[in-house]
Every structure is written in C-alpha cells, then in structure tokens.
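Colleague: I'd like to ask some things about the structure below.
The values are calculated or read from the model by the stated rules, or taken from the named source; none is laboratory data. Nothing here was measured: the structure is a model prediction, and the numbers come from that model. Here Cβ is always computed from backbone atoms with ideal geometry, including for glycine, and neighbour counts include all displayed protein chains.
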Amino acid sequence: MTIGLLGLLGCAGERPNNLGVREGLLAACPASPNCVSSQADDEKHRIAPLTFTGDADAAFARLKLLLGKRTDVTMREELPGYVRVELHTLLFIDDGEFVLDRARSVIQVRSASRIGYSDLGKNRSRLEEIRRQFSGHEQK
C-alpha cells in the first residue's frame with residue numbers, strides 16, 4: 001500500500017524549466033493536448049485571453065485576489081504583471097501562468113499538465129471557470 005501511495009504521489013511531476021514570460025510571450029504548448037494558451041497559434045491549444053476594461057493594474061489585482069481564494073491554486077511566483085500558480089487536481093499538479101498585456105487590455109493565460117499526454121480537457125475547463133469568475137468581478 002505504501003509503494004502504491006508513493007507511486008501516486010509521483011504523479012505531480014517536476015516543475016518545467018521553460019515557465020515565465022520572455023519578451024511578452026509565454027512558452028509554447030507542446031504537441032500533446034494537455035496544454036492551453038491564449039498565445040497558441042493552433043486551435044487545439046488556443047484559448048481566449050481574459051479581457052478587461054478600465055485600469056489594467058486593478059484588473060490584474062482582481063485576478064490575483066480571485067486566484068488566492070481558490071482552493072485548487074497555490075501561488076508560486078508574483079512579479080509585476082506576471083503570476084505563476086500551481087493548479088491542483090486530486091493527485092496531479094498543472095502549471096498556470098497569467099501575464100498582463102496592457103496594450104491589448106487582456107491577461108494572457110497558459111495552463112499545462114506536468115505529466116501525461118491528455119488531461120481530458122481539465123486545463124481548458126479550469127481556465128474557463130476562472131474566466132467566468134473574473135468576468136463576474138468585471139460586472140460589479
């Protein structure tokens with residue numbers, strides 16, 4: 001039983017070394033379907049960025065507050081205009097990134113599984129849930 005538990009705990013995987021924003025761009029998604037990004041060129045990986053109106057810093061602060069209240073999120077890195085989080089699903093950890101794109105009044109997003117090939121749409125559905133929560137803040 002202990003060996004089985006240790007094997008399952010290994011499902012979290014190691015944090016990739018390609019995370020972060022470089023010249024306004026997040027890392028490209030791998031060929032596998034377990035990643036979505038608002039900066040992806042192909043439809044399989046593409047997801048819309050979070051949109052906002054008004055003050056960019058206030059919108060980004062709202063996003064950070066929203067993420068901080070979620071029980072499936074652990075904040076790992078916060079820089080001006082950039083947040084990296086770990087997104088927890090049962091035994092798995094996915095990496096999420098959010099970068100403020102002031103020029104377009106959007107927040108670029110990326111979420112990718114650390115291990116495996118398919119995530120059964122979890123990264124996309126989680127970011128869409130975050131979008132709905134963020135949009136709810138916009139209307140207040």
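Colleague: Are any of the residues in the range 23-35 modelled with pLDDT of 95 or more, loosely packed, with under 15 Cβ neighbours inside 10 Å, outside any strand (DSSP E or B) and in contact with an Asp or Glu (Cβ under 8 Å, 6 or more places away or on another chain)?
Modeller: no
Colleague: Tell me which of these residue 8 doesn't satisfy, since it passes every other one: (1) over 21 Å from residue 132 (Cβ atoms); (2) under 12 Å from the mean Cα position of the chain (by Cα); (3) modelled with pLDDT under 95.
Modeller: (2)
Colleague: Can I ask one more? Across the range 42-54, which residue is surrounded by the fewest Cβ atoms within 10 Å (Cβ to Cβ) among those that are assigned to a strand (DSSP E or B) and not charged (D, E, K, R)? Explain how you work it out, then say what you get.
Modeller: Here is the first cut: in the range 42-54, the ones assigned to a strand (DSSP E or B) are 46, 50-51.
Remaining after also requiring not charged (D, E, K, R): 50-51.
On the way: 50: 24, 51: 14.
Looking at residues that are assigned to a strand (DSSP E or B) and not charged (D, E, K, R), I get 51.
Colleague: Any idea which of 139, 108 is more than 23 Å from residue 14 (Cα to Cα) and at pLDDT below 95? Outline the logic, then answer.
Modeller: Values: 108 fails: at pLDDT below 95.
One residue alone meets the criteria, 139.
Colleague: Give the range 55-74 a look and list any residue that's part of a helix (DSSP H, G or I), within 15 Å of the chain's Cα centre (by Cα) and surrounded by 12 or more Cβ atoms within 10 Å (Cβ to Cβ), or say none.
Modeller: Result: 60, 63, 64, 66, 67, 68.
Colleague: Name the single residue that is surrounded by the most Cβ atoms within 10 Å (Cβ to Cβ) among those in the range 91-104 being free of Cβ contacts under 8 Å to residues at least 60 places away in the same chain and either touching a Phe, Trp or Tyr at 6+ places or on another chain (Cβ under 6 Å) or of a type in the set (Lys, Arg) (or both).
Modeller: Within the range 91-104, the match that is surrounded by the most Cβ atoms within 10 Å (Cβ to Cβ) is 100.
Colleague: Give 89, 53, 2 a once-over and let me know the one that is hydroxyl-bearing (Ser, Thr, Tyr) and modelled with pLDDT of 95 or more. Full working, then the answer.
Modeller: Working: 89 fails: modelled with pLDDT of 95 or more; 2 fails: modelled with pLDDT of 95 or more.
So the residue among 89, 53, 2 that is hydroxyl-bearing (Ser, Thr, Tyr) and modelled with pLDDT of 95 or more is 53.
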